[in-house]
Amino acid sequence: MERSSNIIDLPNEVLVDILSRLAVQHVHQLQAVSKLWLRTISSPHFRRLYNKKSLNRPRARVVQVSDYKHSPSGMEMISRTISISTMDLAVDNNEIQKDFSFEDIIAPEHSFFIFSNLIIFNHKVCNPTTKEIKGLPISSYPSVSFDVAYIPSNNTYKIVHLYGTKTGPNYNFNYGGSAVEFRFETLTLRDGGPIPSSWQSLAHQEWFSYKVHSTCVNNVIYWLVGRVDRMEKHIISMEIETEEFLSSVCCPKDPYYEEFPLIENGELADLNGKLCLAYQSEELSRIDLYVLKDHKKQEWVKEHIINFGIGSLFNVIGYVPLKGNNGEIMIDSGKQPLLYNIEEKRLRKLPRPKMKIHIGLYIDRCFNLGSARLSLQPRVDLLSEGDQL
C-alpha cells in the first residue's frame with residue numbers, strides 16, 4: 001500500500017517513459033496530479049519525446065458536417081454543426097469514437113481544410129486534440145488554399161496560404177483560363193501561442209491556371225498544379241523551415257492518362273515518407289500509385305496498382321504502418337474510408353459515417369494553440385465524461 005501511494009516518487013526517466021506511452025488527452029489530464037508532473041509534461045524534452053514516439057501511432061480524424069441552418073429566405077446557409085471523431089487504426093475494431101462538436105457560423109468565403117493535426121475553416125484554426133479554436137488573421141487576398149506542415153525540431157506548425165493576386169478571376173475554377181499569378185504567405189504557430197497577428201508574405205511567385213491537390217512530406221509542401229495553355233500538370237514545392245522553393249517536378253508519363261487526361265485527376269499523398277502521385281481510371285477500375293524516387297532527376301516509379309472498382313471519387317489519405325509487413329494505404333472512396341493492405345493486396349472497409357465527412361490521418365502531439373479560446377457552443381451529448389471546452 002505504501003508503494004502504490006508513492007507513484008509520484010517514481011524516478012523521472014521511468015515517469016517520462018510511462019507518460020510518453022499514453023494517449024495525449026490522458027497526458028493533458030495528468031498535468032493536474034502534481035507540480036512535478038506539470039513541469040515534466042510541460043518540459044520541451046518530454047514534448048519532443050512524446051511527439052517522436054507518436055509517429056508510429058497514426059489515427060484517423062473524422063470530421064462530419066451536419067445540421068445546416070439557413071436564412072429566413074432559405075437561400076443562404078448561416079451555420080452548421082461540425083462533429084469531431086476519431087478511429088484507432090491499430091485495433092481490429094475500428095469504431096468511430098465521438099469526441100466533441102460545435103456550431104460554426106458560415107462566413108461568406110467558407111472553406112474547410114483538414115491536416116495532420118489541425119483543421120482550418122472560416123479564418124479559424126482548430127486543434128481537435130485540445131479542443132481549442134482560435135482566430136487567424138484575415139488575408140486581404142483571394143484565398144485558393146491553406147496547407148499546414150509540422151516542424152518537429154521546434155514543435156511548431158507552419159501554415160502556408162496560397163492566394164491569387166487579383167480579385168477578378170475565380171482562382172479555384174480556372175480550368176479553361178490562361179496562367180495567372182499566385183503568391184504565398186506564411187503563419188507560424190508555436191506551442192502555447194500566441195497566434196501571430198499578421199501573415200508573412202514571401203517574394204516567390206508562380207504562374208499556373210489551377211491547383212489540383214497538395215500534401216506535405218518530410219517538411220516539404222508539394223502542390224500539384226496545371227497550366228491550360230501548355231496542356232500539362234506539374235508539381236511545385238517549398239521546404240517549410242527555410243521557406244525556399246525547390247525546382248518544379250514533371251508528372252510521371254503514363255500512356256493511358258496522356259490519352260485520356262482529366263483536369264482534376266491526380267492526388268498527392270505522403271506514402272511512408274515518400275511523395276506519392278495517384279491516378280485513377282474509372283474505365284480500368286484501378287488506382288496507379290507513383291512514388292518520386294529522386295527529386296533532382298525527376299525519377300518516378302509505379303510502386304502500386306490497386307485493381308478495385310471503388311467509385312469515381314477517391315482520395316489517398318496516407319500510409320498506416322503495421323507490425324511485420326509493409327503497412328496499409330488509407331483511401332477515402334467518397335462513400336466510406338478503406339484500408340488497402342500492401343502485402344496482401346486487398347481492401348477492407350472501415351466504419352461508414354452517417355453524414356458527409358472529411359477524413360485525414362493524425363498523430364497525437366503535445367501542442368497547444370494558447371490559453372485564450374473562442375467561444376464554442378458544445379453538444380453535451382457528444383462530450384465524454386471529464387472533457388472540457
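The values are calculated or read from the model by the stated rules, or taken from the named source; none is laboratory data. Predicted, not measured: the structure shown is a model, and the values here were computed from it. Don't worry about glycine lacking a Cβ; one is built from the backbone with ideal geometry, like all the others, and counts go over all protein chains shown. The accessibility values were calculated without ligands, DNA or RNA, using every heavy atom of the protein model including side chains. Shrake-Rupley method; radii C 1.70, N 1.55, O 1.52, S 1.80 Å.
Quick notes on this structure:
- The range 242-259: number of residues that are loosely packed, with under 14 Cβ neighbours inside 10 Å and either under 18 Å from F314 (Cα atoms) or modelled with pLDDT of 80 or more (or both): 4
- Test: residue in the range 57-75 that is touching a Cys at 6+ places or on another chain (Cβ under 7 Å), crowded, with 18+ Cβ neighbours inside 10 Å and closer than 18 Å to D364 by Cβ: no
- Some residue of the range 364-387 being part of a strand (DSSP E or B), at pLDDT 75 or above and either open to solvent by less than 60 Å² (accessible area, probe 1.4 Å) or closer than 18 Å to T129 by Cβ (or both): no
- Residue, nearest to R48 (Cα to Cα), within the range 119-143, restricted to residues that are open to solvent by 20 Å² or more (accessible area, probe 1.4 Å) and part of a strand (DSSP E or B): K134
- Of everything in the range 337-363 that is part of a loop (DSSP other than H, G, I, E, B) and in contact with a strand residue (DSSP E or B) (Cβ under 6 Å, 6 or more places away or on another chain), the residue that is nearest to P321 (Cα to Cα) is L350.
- Residues located in the range 21-38, provided they are in contact (Cβ under 8 Å) with a residue 24 or more places away in the chain, aliphatic (A, V, I, L, M), open to solvent by 50 Å² or more (accessible area, probe 1.4 Å) and assigned to a loop (DSSP other than H, G, I, E, B): V33
- Near pairs, Cβ below 6 angstrom, 6+ apart or cross-chain, from the range 285-313 (over 21 Å from V249 (Cα atoms)) to any residue that is of a type in the set (S, T, Y) and at pLDDT below 85: G309/S285; I310/S333; G311/S333
- Qualifying positions in the range 300-327 - open to solvent by 10 Å² or more (accessible area, probe 1.4 Å) and at pLDDT 85 or above: W300, V301, K302, E303, H304, I305, I317, Y319
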